[in-house]
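The structure appears below as structure tokens.
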Amino acid sequence: MGVIKTIEEINEKIAKGKAVVVTAEEMISIVREKGEARAAQEVDVVTTGTFAPMCSSSAILNLGHTKPRIKLGGGTCYINGVPAYTGLAAVDVIIGATALPPQDPRNRPHPGEFPYGGGHVIEDLVAGKDLVLEGTGYGTDCYPRREIKTLFNIQEINEAVLYNPRNCYQNYNVAVNLGDKTIYTYMGVLKPHLGNANYCSAGELSPLLNDPLYRTIGIGTRIFLGGGVGYVVFYGTQHNPSVPRNDRGVPTRPAGTLAVMGDLKGMETRYIKGVSVYGYGTSLSVGIGIPIPILDEEMAHFTSVSNEEILAPVVDYSKTYPEREPQVVTEVSYAQLRSGEIEVNGKQVKTGAISSLAAAREIAETLKGWIEEGKFLLGQPVEKLPGTESGVKLKALNERR
């Protein structure tokens, strides 16, 4: 019978400073050299990382009460000129990463002009800068004030919570343009006639690609989020585990997603960055690292997946948007993408990443250090993500058994 561990046992080793922790990139070499059985015996935790624009991100702020009090709920709120949603309560507001000021261009900006939006507000908040708050209320007996304009910073408000409904996509499209004109998308500028190919994933370092069937990542998992500690709080919007997978269980289409949450007051601007996407709008680049406990040989198998074994769909964005149905042209591996050039329809196309591999590696290494130092224990999921018990048959595992 192979090695079997529990999260509790691994946490005991972490607390004693005896846990063996490696990054996902390091795990590939360990499994190749020693095999899955020995790797499962020797390694306790594999750390992963990703850093990329994640549009479905937001900050929930409790601004605190003024004297006299104002009810922003039902009124308006602007932070540095960017609108925040007020329909929660008197001084609870939400600002989304893609929110734009009314005066900013919502289509293609002029050359050299990039919009300032919600993602930048969130970054500036984390940086500790003073932000301009402008708000209106309609006045009630208990909240009589009707207008406010003041400065505030993150230390002066009650709570600042990062809540992201859809982060950490499990695989994603490679964007190309087969049309006749340049198009401006959330995947960047796409030149006509296969002028370039953009992708957004850390590949073999990406969290959900190292736990493809969500065996250890679930609701309650403790994670590295934006330079601080956060949690998986639910499955993300557009979570879709029922997609084609290879014989390792790795999806070949966009699949699982995570909803995550954490305290913005403990985060760093190094891993929370406002993003301007030319001709599209704004977003927020978020750093996420997830530790994966090596419970058995199967988890050693999953966490040794390499870029050569992960395929992504090449999608024609001149047709996919706004027609919605993905026009998949071909599939390519992340090893091919990382080489700087792929072949599409017989043409050599240069590739570009809108995610940062260097930052993903830094996140995985940082999280590894936290665990080795006993500063970060693994969170026991209280609920599995949909798709965990999907009945996916893994040909490679079955053949070995």
Between a first residue in the range 382-395 that is at pLDDT below 50 and a second residue that is part of a strand (DSSP E or B) and surrounded by 14 or more Cβ atoms within 10 Å (Cβ to Cβ), which pairs have beta carbons less than 9 Å apart while being 6 or more apart in sequence or on different chains? Val392/Arg245; Leu394/Arg245
For the range 121-137, enumerate the residues that are among the small types (Gly, Ala, Ser) and not in a loop (DSSP other than H, G, I, E, B). Gly135
Being surrounded by fewer than 14 Cβ atoms within 10 Å (Cβ to Cβ), outside any loop (DSSP other than H, G, I, E, B) and at pLDDT 95 or above is the filter here; which residues of the range 312-355 pass it? Glu341, Glu343, Lys347, Gln348, Lys350
Give me the pairs, please: first residue somewhere in the range 1-27 and among the charged types (D, E, K, R), second residue anywhere and assigned to a helix (DSSP H, G or I), beta-carbon distance under 7 Å, and either six or more positions apart or on two chains. Glu25/Glu204; Glu25/Leu205
Out of (1) modelled with pLDDT of 95 or more; (2) surrounded by fewer than 21 Cβ atoms within 10 Å (Cβ to Cβ); (3) not in a strand (DSSP E or B), what's the single condition that is false for Gly256? (2)
Sort out which residues of the range 277-305 are surrounded by fewer than 19 Cβ atoms within 10 Å (Cβ to Cβ) and either among the β-branched types (Val, Ile, Thr) or in contact with a helix residue (DSSP H, G or I) (Cβ under 8 Å, 6 or more places away or on another chain) (or both), and write them in order of number. Asp296, Glu298
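Let's see how each residue does on (1) more than 24 Å from Val22 (Cβ to Cβ); (2) in a strand (DSSP E or B); (3) of a type in the set (Val, Ile, Thr):
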{"position": "Lys273", "(1), (2), (3)": "yes, yes, no"}
{"position": "Ser285", "(1), (2), (3)": "yes, yes, no"}
{"position": "Ile288", "(1), (2), (3)": "no, yes, yes"}
{"position": "Val305", "(1), (2), (3)": "no, no, yes"}
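Okay, residues lined up against (1) in the same structural domain as Leu377 (by TED's automatic domain parsing); (2) hydrophobic (A, V, I, L, M, F, W, C); (3) surrounded by 24 or more Cβ atoms within 10 Å (Cβ to Cβ):
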{"position": "Ser29", "(1), (2), (3)": "yes, no, no"}
{"position": "Val46", "(1), (2), (3)": "yes, yes, yes"}
{"position": "Pro68", "(1), (2), (3)": "no, no, no"}
{"position": "Tyr78", "(1), (2), (3)": "no, no, no"}
{"position": "Gly81", "(1), (2), (3)": "no, no, no"}
Can you list the helices (runs of 4 or more DSSP H) lying wholly within the range 1-109 that have 1 or more residues being closer than 29 Å to Arg270 by Cα and within 27 Å of the chain's Cα centre (by Cα)? 7-15, 24-34
Residues to consider are Ala39, Ala59; find the one that is buried (at least 16 other Cβ atoms within 10 Å of the Cβ) and over 24 Å from Ala335 (Cβ atoms). Ala59
From the set of residues in the range 367-380 that are in a helix (DSSP H, G or I) and crowded, with 18+ Cβ neighbours inside 10 Å, which is nearest to the chain's Cα centre (by Cα)? Leu367
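The values are calculated or read from the model by the stated rules, or taken from the named source; none is laboratory data. Values in this document were obtained by computation on a predicted structure and should not be read as measured data. We place every Cβ from the backbone using ideal geometry, glycine too, and count neighbours over all the protein chains shown.
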